[in-house]
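Participant: My questions all concern the structure below.
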Amino acid sequence: MDASRGAGQCEGEWHTDFTVKLRFQEYRRRSIVPIAGLVLAAYYLMVFLPLGRRAESLDAPLQKAWQKLAVSLDPDRTNVVAIDFLRITNQLNETRQSLMTLENAKRQATARLQLDSPLRARMNGPFELVEYQNERSKEVDELGSLAKQQQVVVEPAVFAGFPEHTADVRQPALLWAALSAIDGLLRTAFQCKISAVHSLSAPLALTNALPANGSERLAEIPLEVEFTGSTASAIRLLQCLPLRAEELRAAGLVDAPTNKPVMFIDRLVMRKQSPDKPDEVRMSLRAVGFVLRE
């Protein structure tokens with residue numbers, strides 16, 4: 001009986017200890033949960049939120065660029081989110097192709113505007129006024145003789161309009177290019193059977209001031225000329241202006257000047273001379289050539 005009572009007492013004590021331990025573990029588990037919650041809340045407030053704000057600030061330029069790109073692709077829609085990258089790729093390829101075409105056109109234009117070697121050598125060397133005046137007088141004499149052979153009337157104002165060196169000429173080297181352009185224009189006009197040349201001028205001083213930054217590669221050579229001839233002769237002259245010497249010979253002008261530069265029409269006024277001569281026209285022409293600066 002004492003043995004059974006002792007066994008029961010031991011069993012009761014063991015049960016009590018086990019219950020205490022369970023309650024203590026439950027207390028520890030329940031106390032850890034709020035502490036973990038507080039730790040997570042502190043981590044959220046002190047780490048996660050600042051990281052989120054930082055991520056948003058870093059994402060803002062991307063979102064702005066994305067929106068700008070979307071609007072540039074579709075200006076009529078300001079709330080575009082999706083972007084057609086296939087379309088962008090196609091446009092990029094087209095742009096590259098256009099740039100290649102532009103570069104090829106630039107090379108062809110440069111080759112076409114290039115002056116002949118002797119003229120470039122004169123322009124790149126030191127300008128000698130006496131040499132230029134001698135060449136100018138020589139051109140006047142030769143063109144006067146050629147006009148008589150071709151039965152073309154050249155009024156005195158034409159030869160007086162040949163460019164001269166004055167204090168207003170900012171780039172004297174361009175006088176050589178202007179003289180060459182006048183020679184090519186008049187010789188071509190004579191071969192196109194123009195009947196009369198009334199006036200000529202080359203206003204270099206007004207168009208070719210020295211560039212301030214040195215980035216301008218083209219210098220303009222303007223020629224203003226007034227002449228009379230048949231409609232067919234006038235049209236043929238206009239067609240010959242942008243042609244080089246070899247192209248002029250291919251067009252039938254067998255005596256085309258070998259150093260004729262390419263020229264372009266800037267302004268043109270054509271009017272009938274009189275009712276008695278319905279096929280004759282008087283033309284005021286401003287033609288422009290260009291010199292590549294080196």
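The values are calculated or read from the model by the stated rules, or taken from the named source; none is laboratory data. Because the structure is a prediction, the values reported are computed rather than measured. No Cβ is skipped: glycine too gets one built from the backbone with ideal geometry, and neighbour counts run over all protein chains shown.
Participant: Based on what the data block shows, is Asp59 at pLDDT 60 or above, in a helix (DSSP H, G or I) and not hydroxyl-bearing (Ser, Thr, Tyr)?
Facilitator: yes
Participant: Now a separate question. Which residues, counting only those in region 227-280, are surrounded by 13 or more Cβ atoms within 10 Å (Cβ to Cβ), modelled with pLDDT of 85 or more, assigned to a strand (DSSP E or B) and touching a Lys or Arg at 6+ places or on another chain (Cβ under 6 Å)?
Facilitator: Thr228, Asp266 - these are the residues of region 227-280 that are surrounded by 13 or more Cβ atoms within 10 Å (Cβ to Cβ), modelled with pLDDT of 85 or more, assigned to a strand (DSSP E or B) and touching a Lys or Arg at 6+ places or on another chain (Cβ under 6 Å).
Participant: Which members of region 120-142 meet the condition of being of a type in the set (A, V, I, L, M, F, W, C) and either part of a loop (DSSP other than H, G, I, E, B) or not assigned by TED's automatic domain parsing to the domain that holds Leu174 (or both)?
Facilitator: Phe127
Participant: I'm told Lys106 meets every condition in (1) exposed (fewer than 11 other Cβ atoms within 10 Å of the Cβ); (2) over 30 Å from Pro163 (Cβ atoms) except one. Can you identify the failing condition by its number?
Facilitator: Among (1) exposed (fewer than 11 other Cβ atoms within 10 Å of the Cβ); (2) over 30 Å from Pro163 (Cβ atoms), Lys106 violates only (2).
Participant: While we're looking at this one, here's another question. Tell me which residues, restricted to region 281-294, are closer than 23 Å to Met123 by Cα and at pLDDT 80 or above.
Facilitator: Ala287, Val288, Gly289, Phe290, Val291, Leu292
Participant: Is one or more of the residues making up region 144-158 farther than 30 Å from Ser230 by Cβ and either surrounded by 13 or more Cβ atoms within 10 Å (Cβ to Cβ) or modelled with pLDDT under 90 (or both)?
Facilitator: Checked against the condition, which is being farther than 30 Å from Ser230 by Cβ and either surrounded by 13 or more Cβ atoms within 10 Å (Cβ to Cβ) or modelled with pLDDT under 90 (or both), region 144-158 yields no hits at all.
Participant: So, one more: Can you tell me which residue within region 214-224, out of those that are in contact with a Lys or Arg (Cβ under 8 Å, 6 or more places away or on another chain) and part of a strand (DSSP E or B), is modelled with the lowest pLDDT?
Facilitator: Top of the filtered list is Leu218.
Participant: From Gln97, Gln133, Gln114, which residue is exposed (fewer than 12 other Cβ atoms within 10 Å of the Cβ) and either under 20 Å from the mean Cα position of the chain (by Cα) or more than 15 Å from Phe290 (Cβ to Cβ) (or both)?
Facilitator: Matching residue, one of Gln97, Gln133, Gln114: Gln97.
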